[in-house]
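Written below as structure tokens is the structure these notes are about.
The values are calculated or read from the model by the stated rules, or taken from the named source; none is laboratory data. All of these numbers come straight from a predicted model, not from anything done at the bench. Reconstructed Cβ throughout: ideal geometry from the backbone, glycine too, with neighbour counts over all protein chains shown. Note: accessible area is taken over every heavy atom of the protein model, side chains too, but ligands, DNA and RNA are not part of it. Shrake-Rupley method; radii C 1.70, N 1.55, O 1.52, S 1.80 Å.
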Amino acid sequence: MSGARVRTLSVTPVKATRLQVVDSVDLDETGARGNRRFFVIDQRHRMVNSKILGALQKVVSEFDEASRRLSFRFPDGRVVQDEVGAGEDEIEVRFFSSARLARVVDGPWSQAVSDLVGQPLRLVDGGPAVDRGREGAVSLISRASLDRLASEAGVDDLDARRFRMLIEIDGVDAHAEDSWIGRSVQVGPAVLRFEGNVGRCLITSRDPDTGEVTLPTLDVLREYRSDVECTEPLPFGVYGRVLQGGRVSVGDPVTVGDPVTVSSV
């Protein structure tokens, strides 16, 4: 464990758009600051992601907090950008199985992304839009786990962005992170507590740049991970909460501590 380090950090300001690799992130109890702040909803006010609309991963989104400028870069090179204003009144939306309030974002982005996917979508500001809330504010996968899955799938390499995790680490054995559930883990200055396994869905079968289905990841996981004791089916990586925030950077050391309960911190 002494050699474990942060290898890659991946974020996006708009959920379901292409992940971008960054040098550092600022963590607080809600996760990486600015990560997945926005998401898109359909006409029934339901959040949609790239599980169904893989084309969303073709969009590169960037948001500058200081200027409040949000840009979408599309596959043809076109860039749609503007300043994010106050938007409309808050509306109730469905985020997976739960209801939450979000503010519709006025501007050119909704129409542009609707044209790309071929159905009406609206951009909303309702983040952080991480899948499991504060309990899953961070997610982590090891390079060794990725290499093991690549070997099982018969491919040379797997892009970590396919699994849309915040933190990729190096220096541990394959699936070592499974044993960290319930323990404190220090990543740079931040302290995390991992709560469970990340159960996988169709998104992982999509190429992280094109959104096209290119690898039967669920079949591969089912073949060699179906008998693993886990908190969610088809486990690959772990999710957790932030106990102590801070700026986490590529190269930071990763140290596993003792079991810890939320009430004890």
Seminar exercise, completed: Considering region 28-54, residues that are open to solvent by less than 20 Å² (accessible area, probe 1.4 Å) and assigned to a loop (DSSP other than H, G, I, E, B), and then whichever is nearest to residue 190 (Cα to Cα), we arrive at 35
Seminar exercise, completed: Scanning region 160-183 residue by residue, the ones that are at negative phi, out of contact with any Leu (no Cβ under 8 Å at 6 or more places or on another chain), crowded, with 17+ Cβ neighbours inside 10 Å and assigned to a loop (DSSP other than H, G, I, E, B) total 1
Exercise. Residues in region 1-19 that are in a strand (DSSP E or B) and either of a type in the set (Asp, Glu) or open to solvent by 50 Å² or more (accessible area, probe 1.4 Å) (or both): how many?
Worked result: 2
Problem set entry | Count - residues of region 169-180 that are closer than 11 Å to residue 254 by Cβ and either among the acidic types (Asp, Glu) or free of Cβ contacts under 8 Å to residues at least 24 places away in the same chain (or both) | 2
Exercise. Only one of (1) more than 30 Å from residue 254 (Cβ to Cβ); (2) in contact (Cβ under 8 Å) with a residue 24 or more places away in the chain; (3) touching an Asp or Glu at 6+ places or on another chain (Cβ under 7 Å) is not met by residue 80, so which one is it?
Worked result: (3)
For this session: Please state which of the following conditions residue 137 fails to meet, knowing it meets all the rest: (1) farther than 26 Å from residue 177 by Cβ; (2) in contact with an Asp or Glu (Cβ under 9 Å, 6 or more places away or on another chain); (3) open to solvent by less than 10 Å² (accessible area, probe 1.4 Å).
Result: (1)
Exercise. Is there any pair with a first residue in region 126-152 that is touching a residue at least 60 places away in the same chain (Cβ under 8 Å) and a second that is part of a helix (DSSP H, G or I) and among the hydroxyl-bearing types (Ser, Thr, Tyr) whose Cβ atoms are under 7 Å apart and which are 6 or more apart or on different chains, and what are they?
Worked result: 152/224
Problem set entry | Positions within region 189-219 being surrounded by fewer than 22 Cβ atoms within 10 Å (Cβ to Cβ) and more than 17 Å from residue 164 (Cβ to Cβ), in sequence order | 189, 190, 191, 195, 216, 219
For this session: Give the residues of region 69-87 that are at negative phi and in a loop (DSSP other than H, G, I, E, B), sorted by residue number.
Result: 74, 75, 76, 78, 84, 85, 86
Problem set entry | Any hit, region 78-95, residues being under 22 Å from the mean Cα position of the chain (by Cα), open to solvent by 20 Å² or more (accessible area, probe 1.4 Å) and not hydrophobic (A, V, I, L, M, F, W, C) | yes
For this session: Give me the pairs, please: first residue somewhere in region 50-69 and in contact (Cβ under 8 Å) with a residue 24 or more places away in the chain, second residue anywhere and open to solvent by 60 Å² or more (accessible area, probe 1.4 Å), beta-carbon distance under 6 Å, and either six or more positions apart or on two chains.
Result: 51/202; 58/75; 60/73
For this session: Can you confirm whether region 138-152 contains a residue that is assigned to a helix (DSSP H, G or I), at pLDDT 95 or above, closer than 16 Å to residue 21 by Cβ and touching a helix residue (DSSP H, G or I) at 6+ places or on another chain (Cβ under 8 Å)?
Result: yes
Exercise. With 111, 186, 119 as the choices, which residue is farther than 20 Å from residue 219 by Cβ, part of a strand (DSSP E or B) and open to solvent by 40 Å² or more (accessible area, probe 1.4 Å)?
Worked result: 186
For this session: Please go through region 105-125 and pick out each residue that is without any contact (Cβ under 8 Å) to a residue 24 or more places away in the chain and among the hydroxyl-bearing types (Ser, Thr, Tyr).
Result: 114
Seminar exercise, completed: Result of the Cβ filter at 7 Å on region 247-263, keeping first residues that are in contact (Cβ under 8 Å) with a residue 24 or more places away in the chain and partners that are in a loop (DSSP other than H, G, I, E, B) and open to solvent by 70 Å² or more (accessible area, probe 1.4 Å), at least 6 apart or interchain, is 249/23; 250/23; 255/1; 256/1
Exercise. Checking residue 106 against (1) at pLDDT below 95; (2) part of a helix (DSSP H, G or I); (3) among the acidic types (Asp, Glu), which single condition isn't satisfied?
Worked result: (2)
